[in-house]
Amino acid sequence: MIDAAANENAVAPVSFWTRLNENRTVLGLWFMLPAAAFLLLFLAYPLGLGIWLSLTDARIGRAGEFIGIENFTWLWGDAVFWLSVFNTLLYTIVASVIKFAIGLYLALLLNNNIAFKAFIRAIVLLPFIVPTVLSAIAFWWIFDSQFSIISWALIELGIIEQNIDFLGTPNNARASVIFANIWRGVPFVAITLLAGLQTVPQSLYEAATIDGASKWAMFRHITYPLLTPIIAVVMTFSVLFTFTDFQLIYAMTRGGPVNATHLMATLSYQRAILGGNLGEGAAISTAMIPFLLSAIMFSWFGLQRRKWQQGESDD
Amino acid sequence: MTEVTLKSAKTREAVSDDSEGMDYLITRQSRFVTVYLPLILIMFVLLFPFYWMGTTSVKPNSELLDMSNHNPLWVSSPTFQHFEKLLFETEYPSWMWNTMLVAVVATFLSVVASVLAAYAIVRIKYKGAQTVGGLIFLAYLVPPSILFIPLSTVIFEYGLFDSPLALILSYPTILIPFSTWLLMGYFKTIPFELEECALIDGASRLQILVKIVLPLSVPGLISAGIFSFTLCWNEFIYALTFISTSSNKTVPVAVLSELVDGDVYHWGSLMAGALLGSVPVAIIYSFFVEHYVSSMTGAVKE
């Protein structure tokens with residue numbers, strides 16, 4: 001035994017370099033290098049820089065000086081900023097709730113035995129696949145003040161007298177962009193929840209049917225509890241992406257009319273890139289972070305609960 | 001014996017997904033009202049914008065702007081003038097080329113980096129691998145719309161402004177966290193024994209990765225690849241901020257900024273541009289629907 005070990009040492013004199021590369025930690029570092037380089041240079045560094053910029057008076061083409069929380073105190077008294085916060089919350093809450101309701105409903109519908117199921121599922125995802133800006137342009141045209149197809153159809157049906165100005169008045173514009181967001185988000189919610197539904201064992205429903213449970217009771221006591229973990233994750237993502245949405249608003253309204261659809265992201269673009277006030281724009285972005293953190297916490301606890309429910313150890 | 005029964009029970013369970021379940025208790029009429037009718041309604045709303053895009057892009061202008069004499073839902077004299085204008089009078093081909101270049105290269109870089117990172121986290125299990133895995137998940141939750149302002153100053157500092165390289169290098173920050181997370185799930189399912197054998201035979205970690213792990217995780221690679229590709233194609237805010245010359249723009253940005261001149265909206269060519277810009281993604285998607293769905297749901301489930 002000892003002989004064999006000694007022999008091995010004698011046969012293979014390993015250099016320092018080879019031994020170093022056999023060390024798990026060093027080897028791991030080599031493998032992590034490309035991903036870490038990208039994420040540190042283009043994600044972590046800008047994230048920190050953004051917080052720093054929010055504390056300076058930087059403008060485009062001129063490095064700023066440290067001015068403390070002046071940007072934030074200025075924003076605190078800025079009505080447009082508060083309007084954008086209100087818009088963002090309204091947009092996120094209304095769109096997410098409706099996306100969840102319709103998405104869950106659509107998932108339940110697709111979970112039935114229906115003809116051409118795979119084909120329908122593929123078609124349903126289309127709005128999610130197509131680049132958002134391009135579908136937003138289609139909605140821009142659908143909501144056109146003069147040639148809107150919706151106005152035309154409603155007039156033909158005799159429901160309204162004249163064209164609806166979808167993007168021209170504040171509340172109409174808000175409703176229109178929320179509709180477009182829901183249109184794009186429902187497929188994602190529906191397809192991911194459908195995947196969750198398919199993991200619920202059929203035998204539970206069979207047992208419940210034999211016990212005489214109603215459809216609603218089955219949903220309430222079997223489907224919903226087993227689906228909660230996935231719902232938590234899906235909705236966290238949905239809230240996160242809705243809250244930080246930029247392209248849909250930028251393509252459809254650019255924040256108008258009279259800032260009624262400005263979200264925090266579009267406002268920060270307007271102030272920082274178009275207006276040149278990098279510091280102020282960065283302050284708006286930084287103000288979004290607390291909201292994002294709360295969404296992440298929500299997701300975290302959703303995941304924890306799942307592990308606990310399945311009796312898995314925490315790995 | 002018990003094994004056999006267990007096995008048959010398992011296959012039955014797997015099959016039960018396609019079987020009728022308890023649905024036979026529901027009559028055909030009520031099924032139509034509760035299932036097919038709402039489904040048709042939702043599908044109509046989801047698909048109508050595409051139909052509307054399509055018909056608008058082949059309508060002559062006279063028909064587009066005259067809704068009283070022409071039924072807007074139908075095209076009476078279809079024309080390709082908008083597509084012709086797009087392809088020969090604008091820089092559309094070069095926008096397409098830019099988008100394709102950026103998407104392909106960024107996807108490739110991200111998948112390579114993600115494969116290495118995911119393998120290291122799942123299999124090499126260096127010190128702190130779990131923590132790094134968690135950090136990468138957190139990186140997935142950092143949205144581009146809070147990064148674009150500082151990132152634009154970084155891009156400027158590195159001298160990358162207005163070059164495709166700015167996008168090629170910044171897109172992986174969106175793609176790597178997602179792909180790594182997805183591939184970690186795939187690598188975990190590959191039996192460790194295979195690697196052990198290779199290790200004993202004297203293979204290096206890199207050889208094991210290339211010759212054993214990668215061939216076994218082709219579906220995962222395809223999923224990560226096509227999902228990344230569609231994300232690149234969809235990306236907007238970085239492309240809007242980091243690129244200023246018209247001929248360097250990507251399709252989503254260019255359609256919005258270059259095809260609208262002043263207050264005159266050329267709806268026909270706008271719709272044609274939007275439609276053409278969606279084609280590459282739609283083609284890839286139609287070939288790999290299953291991979292796409294599995295990557296989307298897989299990433300959420302992990």
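Against the globular-protein guess of 2.2 N^0.38 Å, express the Cα radius of gyration of the range B:29-79 as a ratio, rounded to two decimals.
1.58
Under 5 Å between amide hydrogens, built in the peptide plane, is the criterion, and for residue A:67 it picks out A:56, A:57 among residues at least 5 positions away or on other chains.
The dipole here belongs to chain B: it is taken about the Cα centre, uses +1 on the Cβ of Lys and Arg and -1 on the Cβ of Asp and Glu, and is about 800 debye. Other residues with beta-carbon under 13 Å from the beta-carbon of residue A:181 carry, at +1 per Lys or Arg and -1 per Asp or Glu, a net charge of +2.
The magnitude of the dipole of the protein assembly as shown, with charges of +1 and -1 set on the Cβ of Lys/Arg and Asp/Glu and taken from the Cα centre, is near 880 debye. Consider all pairwise Cα distances in the range A:75-310 and report the whole-number % of them above 28 Å. Tail of the P(r) past 28 Å holds 43 percent of the pairs. Of B:72, B:57, B:118, which is farthest towards the positive pole of the protein assembly as shown's charge dipole, taken about the Cα centre with +1 and -1 on the beta-carbons of Lys, Arg and Asp, Glu respectively? Going by the Cα projections, it comes out as B:118. GNM on chain B, alpha-carbon springs under 10 angstrom: the most fluctuating residue among B:290, B:84, B:193 is B:193. Taking the fewest neighbouring Cβ atoms within 10 Å as the starting point, the ordered list for B:190, A:249 is B:190, A:249. Projecting each Cα onto the charge dipole of the range A:75-310 (Lys/Arg +1, Asp/Glu -1 at the beta carbon, about the Cα centre), which of A:252, A:228, A:140 comes out farthest on the positive side? Projecting each Cα onto the dipole axis, the largest value belongs to A:228. Every Cα-Cα pair of the range A:41-141 was included, and the share exceeding 18 Å stands at 73 percent.
In chain B, Cα pairs under 8 Å separated by at least six residues give a relative contact order of 27 percent. Scattering from the range B:91-301 was approximated by placing one identical point on each alpha carbon and applying the Debye formula without solvent; log10 I(q)/I(0) at 0.07, 0.16 1/Å stands at -0.26, -1.08.
If I build a Gaussian network model for chain B, linking alpha-carbon pairs within less than 10 angstrom, which residue out of B:144, B:280, B:49 has the largest mean-square fluctuation? Comparing B:144, B:280, B:49 in the GNM, the peak value goes to B:49.
Going from the residue with the fewest nearby Cβ atoms within 10 Å to the one with the most, A:278, B:101, A:194 rank B:101, A:194, A:278. Positive end of the dipole of chain B (Cβ unit charges, origin at the Cα centre): among B:293, B:190, B:36, the Cα lying farthest that way belongs to B:190. Rounded to the nearest angstrom and listed largest first, the equivalent-ellipsoid semi-axes of the range B:166-279 from its Cα gyration tensor are 44, 14, 10. Normalising by residue count, the protein assembly as shown has a Cα convex hull of 202 Å³ per residue. Between residue B:265 and any residue 5 or more places off or on another chain, the built amide H atoms are never under 5 Å apart. Close amide H pairs (under 5 Å, H built 1.01 Å from N) link residue A:144 with A:149, residues at least 5 positions away or on another chain.
Taking a 20 Å limit on the Cα-Cα distance, which of the listed pairs B:127/B:211; B:85/B:249; B:59/B:249; B:188/B:211; A:117/B:188 fall beyond it? B:127/B:211; B:59/B:249; A:117/B:188, as the Cα separations exceed 20 Å there.
Determine, from the Cβ-Cβ distance of residue B:216 and residue A:24 and an R0 of 22 Å, the FRET efficiency 1/(1 + (r/R0)^6), rounded to the nearest 0.05. With R0 = 22 Å, the Cβ-Cβ based efficiency is 0.50. As a length-normalised measure over Cα pairs under 8 Å and 6 or more apart, the relative contact order of the range A:75-310 settles at 28 percent. Relative to the Cα centre, the charge distribution of chain A, modelled as +1 at Lys and Arg Cβ and -1 at Asp and Glu Cβ, gives a dipole magnitude of about 320 debye. Residue order for A:262, B:70, fewest other beta carbons within 10 angstrom first, comes to B:70, A:262. The distance between label points at residue A:93 and residue B:135 comes to 3.7 nm (points 7 Å beyond Cα on the Cα→Cβ vector).
Bear in mind that the values in this text are calculations on the coordinates, not laboratory data. Keep in mind that what you see is a predicted model, and the values were worked out from it rather than measured. Every residue, glycine among them, receives a Cβ derived from its backbone with ideal geometry; neighbour counts consider all protein chains shown.
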